[in-house]
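Right, one structure below, let's go through it.
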Amino acid sequence: MAICSYAQWMPVKTKQEPRRNGANPKGLILHITDSRNNTLEGILSTFSPGGSNPFPSHFGVQTNGRFGQFIDTKYHDWAEEWSTNYISVECSASPGDALTYAQLYTVGYLYAWLAEEYGIPLVIANKPGDEGLGYHSMGKTGHKLCPGTHVIQQRSTILSIAQYMLTFSASPADIP
Ligand SMILES: [Zn+2]
């Protein structure tokens, strides 16, 4: 059972499967939603039975940094077509957007938490199988703009924030 204490727990109603082989996740995969879903409730509703997206992610982050968890990390997700070995986060953004500062701090915090929980290293992942911070379109997918070049380039910033959070036991609430 792993629920991130900083996240609001908003479980999806769909049935989940335990992580295969009991393996620890390899890293975190960045996704973007579109601007119509700039609320955790909106993201959650697309994942619900009958919703438009039957492939829920573990976590979601609004543009104001509000943070929710939809799936316990002991279960795998279906958010990447090419692997079930990662944790996923859906960030409210339109294709081509960069993540907001508030989102960067929240995702950085999430990454720090995963590093503590699972020993995930603070490195960039560029292809399926790599450990670290990756993104949806690094594997074979029809979602070529998920999450887009700006968000892909922000990965080093996210890792810097995660390092700060780990070093100072900080959370986004500590950032002025
Ligand atoms: Zn995606």
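The values are calculated or read from the model by the stated rules, or taken from the named source; none is laboratory data. What you are looking at is a predicted structure, and each value in this text was computed from that prediction instead of being measured. Backbone-built Cβ (ideal geometry, glycine too); neighbour counts: all protein chains shown. Calculation scope for accessible area: heavy atoms of the full protein, side chains included, ligands and nucleic acids excluded. Shrake-Rupley method; radii C 1.70, N 1.55, O 1.52, S 1.80 Å.
A few remarks follow.
- Candidate set from segment 48-88 (those that are among the small types (Gly, Ala, Ser) and within 19 Å of LYS144 (Cβ to Cβ)); member that is most open to solvent (accessible area, probe 1.4 Å): SER52
- Where strands (runs of 3 or more DSSP E) fall entirely within segment 20-135, those with at least 3 residues that are touching a residue at least 60 places away in the same chain (Cβ under 8 Å) and away from the ligand (no atom under 14 Å from the Cβ) are at 67-69.
- Residue ID - farthest from HIS136 (Cα to Cα), chosen from residues in segment 105-117 that are touching a helix residue (DSSP H, G or I) at 6+ places or on another chain (Cβ under 9 Å) and open to solvent by 10 Å² or more (accessible area, probe 1.4 Å): GLU116
- Hey, LEU145 within 15 Å of LEU30 (Cα to Cα) and either open to solvent by less than 90 Å² (accessible area, probe 1.4 Å) or away from the ligand (no atom under 11 Å from the Cβ) (or both) or not: no
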